[in-house]
Each structure stands twice: as C-alpha cells, then as structure tokens.
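The values are calculated or read from the model by the stated rules, or taken from the named source; none is laboratory data. These figures come from a predicted structure and were not determined experimentally. Cβ atoms come from the backbone with ideal geometry, glycine included; neighbour counts cover every protein chain shown.
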Amino acid sequence: MTHSAPSSDPSRPSLTPPPFHSPFEQPDVASGAPIPRADAPAAPMPQGRAVSPRSGRSAPLWVLGVVVLVAVAVVGYFLNALGPVASVIGMILAFVPLAVVFFAVRIIDRWEPEPKGLVAAAIAWGAFVAIGITLGFDLALLFAFGPDSSFVADVVAPVVQAPIVEEVAKGLGVYVIFLSARRAFDGPVDGIVYGALVGAGFAFTENIQYFAVSFIEGGAADTTATFFVRGILSPFAHVMFTSVTGFALGLAARRGARAGAAFGPWLLGLGGAVLLHAFWNGSAVFGDFFALYLTLQVPLFIVFILGLVALRREEARLTRTRLADYAAAGWFTEQEVDMVATGRGRKAALQWAGTLRGDRTEMMKGFIRDATALAAARQRAISGRDPHAAQDEQVLLHRTTAARAAMFAP
C-alpha cells in the first residue's frame, strides 16, 4: 500500500479488464456516481445513512419471529420423541459436520462477507423452519393416510417425497432472504453462500435425529456407522443441493431481477436441487451407495468446487474493474488495486500492516473490507440494482480515505 506513482512494470496486472466476456458478467444499465479527482475538495459525508443500513441487508422481524416459534416446536418435538439424553448426544455429534461446513462456507464468503445477521438467519431457517415444514408435512401424511407401506417408506419417501418437500422448504428460505435482503444479495456467490447456510442448518437438525435414533436403536456401534456416513462422507450433501437454488437466484440478482422476475429462476434452481437430492437418495436405494459415491458423487463435488473457483475469479475481476474507476481519478494507486483485488495481495498487505507500530492489521482489514464494498456498491449502481448505491459509494470512499490516512499516521 503506497502513494508512489503507478508502476510501469509489465509483469504487474493491468487495471484494464481482460478482453473477454464472462458468462456471469453483469449488464451495465446505468452509470455510477461521478468520481471527483482525488485532489478536488472533499464532498461532505452523507448524513442519515449508515454504510451498511439494515434496510435491504437484514432479515425482517417477522422472519425472526417465525424462526423462534418453529424452533420451540421443533425442540419440543425432538425432546418428546427422542428423549433428552439421545437428543443431546445427537446434537453434540451434529455440531462436528456443521462446524466443518460453516468453516468451508466462510472461506467461500471471505472475499465480501455477508452480514452476520443474515448468516445466522439462513442457518436458523434451515435448522428450524425448513425442518418444521418437513416434519409438518410428514405428520400430515401420517394423519391422512396412516403408516406408510414398506414400498412407500423405502422408495417413494426418500427418492420422491423427501427431495421435493425438503428442497422446497429450504429453497423458501433462500427466496425469503432474496426478497427481504435484496441489497446483500449481489450475485451467484452470495446465492450459493445463503443456500449453503440454509442447507447446513437443515443437515444439522436432521443429523441430530439420525444420530439420536442410531444411539437409541443400536448404541455406540450404530451411532459410529451413521456418523461416518453422514458426518464424514456426506457433510456437504444438503449444502450442495440448496446451493443450486441459491445459484439460480444469484444469477437473477446479478441481472437486476426483482421478486416476480426471480420466481422463474428460483423454480429452475429448485428443480435442479430436487434432482440432485433424488439422485443422491436413489443411489442408496437402488444401487451400491459407496460405488456411486466414488464414481459420481465425488466427481460432482469436484465440479462444484471448480465452479466456485470460477465464480470467485469473477468477483475478483469485478473488484479490480470497479476500483480501477477510482484509480483513474487518483483515489487508489495501481498497487493498491492489485492488493485489494488479489488474495496474494491481501495476505501480503496484512503481513505488512502487522509490522507497523501498534500492529495495524485490523486497520488494514477494515481498509480491504471497505474497498471491496466500495467496488461492489459501484457495481450495484452501474447495474441499476440499488438506488442507494451512489450514497454508499460516497460513504465508503470517505472510509477508505480515512483508513489510508490512519495507516500512514506516525
């Protein structure tokens, strides 16, 4: 991070976007706020708006109320059906795959982290509301038609009923986040993150049930086998399924779709999630699960990871492109754009900040976070998705400028 003149070293990345079009590229339908020269008089700090206002970036109160209400019912059901001892054992074991999944999702979300309140809301929706919808549907069928026949219980329920009901219940959570927190739902990576978090929450509560039932029926041996299959081999199953729904909504968000226009992509993504879920369950019902796991599920997971890498590269490209607008006006140097727009540059900057007097690592983290948010806000303005983006640009520009000054203060 320096104020020296931009380097002419040809080995340095150019500020000019690459001469190709990405399939995830956002359309430009408007222009961002005019960028004054860095040596021009500073514009006054916009008043009355926070950098990350809750409006459009948080779950509404009614969602929190629904989550709490359903959570009470789900917890009561589990304690009554499984007993407190088995429920606690199942919960402790279920925390292990949840922690692994959460850590992986936070790595995906590290470039431009989602609001913590929405992260918690997504997990809670999956853990309680989606589970509650699924349990309610199962109880309704039991009340209407009585116990399932062996064929229905062994084939229809896992391959048809469960994929449809569970993915709809989880997908509703992603759609609710899209509708209520539109300003925090920028594109495919955000959609995958929210879908993954909803799926992780659902898997957590579902695992409690599976682990508890295994403990009740077969003791430690059965519990260990169930934990191996669900906690070790397949902790990302529900995450992948619901991520497909989130990905489709994220593409719609990137194109500026509103509630009605996004419903079609949501249904399309939901269909993909249902098919993946049905295929996964069907491999256990109709074939050799472990053989299909190695030959089909593992390659599918690898493709999923490669897709995430491609999406992260697109986020980095957008960050570089939008910060280049500010670099052209003198607000950033070429080196600073490189630093914020690359993982290697961020790591080196944090190491350098740690050597400064008083260890200014947290200050550098704030600068990187605000600069990335500045690029995202400008992209929202240019794509016409957010009428408040221009104001956010001004606030974030003030913050990055102040952070730079503080970084170099004696």
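Descriptive notes on the structure:
- Residues that are free of Cβ contacts under 8 Å to residues at least 12 places away in the same chain, under 12 Å from the mean Cα position of the chain (by Cα) and part of a helix (DSSP H, G or I) within the range 103-138 comprise PHE103, ARG106, ILE107, LYS116, ALA120, listed in sequence order.
- Exactly one residue out of VAL67, VAL63, VAL100 is farther than 17 Å from LEU172 by Cα and either assigned to a helix (DSSP H, G or I) or touching a residue at least 40 places away in the same chain (Cβ under 8 Å) (or both): that is VAL100.
- For the criterion of being modelled with pLDDT of 90 or more, over 30 Å from PHE247 (Cα atoms) and assigned to a helix (DSSP H, G or I), ALA403 fails.
- Among residues that are farther than 24 Å from PHE178 by Cβ and outside any helix (DSSP H, G or I), PRO235 is included.
- Scan of the range 256-274 for residues that are of a type in the set (A, V, I, L, M), at pLDDT below 95 and part of a helix (DSSP H, G or I), ordered by number: ALA259, ALA261, ALA262
- Qualifying residue in the range 155-175 (condition: hydroxyl-bearing (Ser, Thr, Tyr) and more than 26 Å from THR319 (Cβ to Cβ)): yes
- Those residues of the range 352-385 which are crowded, with 21+ Cβ neighbours inside 10 Å and either in the same structural domain as ALA261 (by TED's automatic domain parsing) or in a loop (DSSP other than H, G, I, E, B) (or both), in sequence order: ARG360, SER383, ARG385
- When residues of the range 282-321 are limited to those that are polar (S, T, N, Q) and modelled with pLDDT of 90 or more, the one surrounded by the most Cβ atoms within 10 Å (Cβ to Cβ): THR319
- Single condition TYR77 does not satisfy, out of (1) of a type in the set (Phe, Trp, Tyr); (2) surrounded by fewer than 21 Cβ atoms within 10 Å (Cβ to Cβ); (3) more than 25 Å from SER234 (Cβ to Cβ): (3)
- Meets criteria (closer than 18 Å to ILE35 by Cβ and in contact with a Gly (Cβ under 6 Å, 6 or more places away or on another chain)) for ARG378: yes
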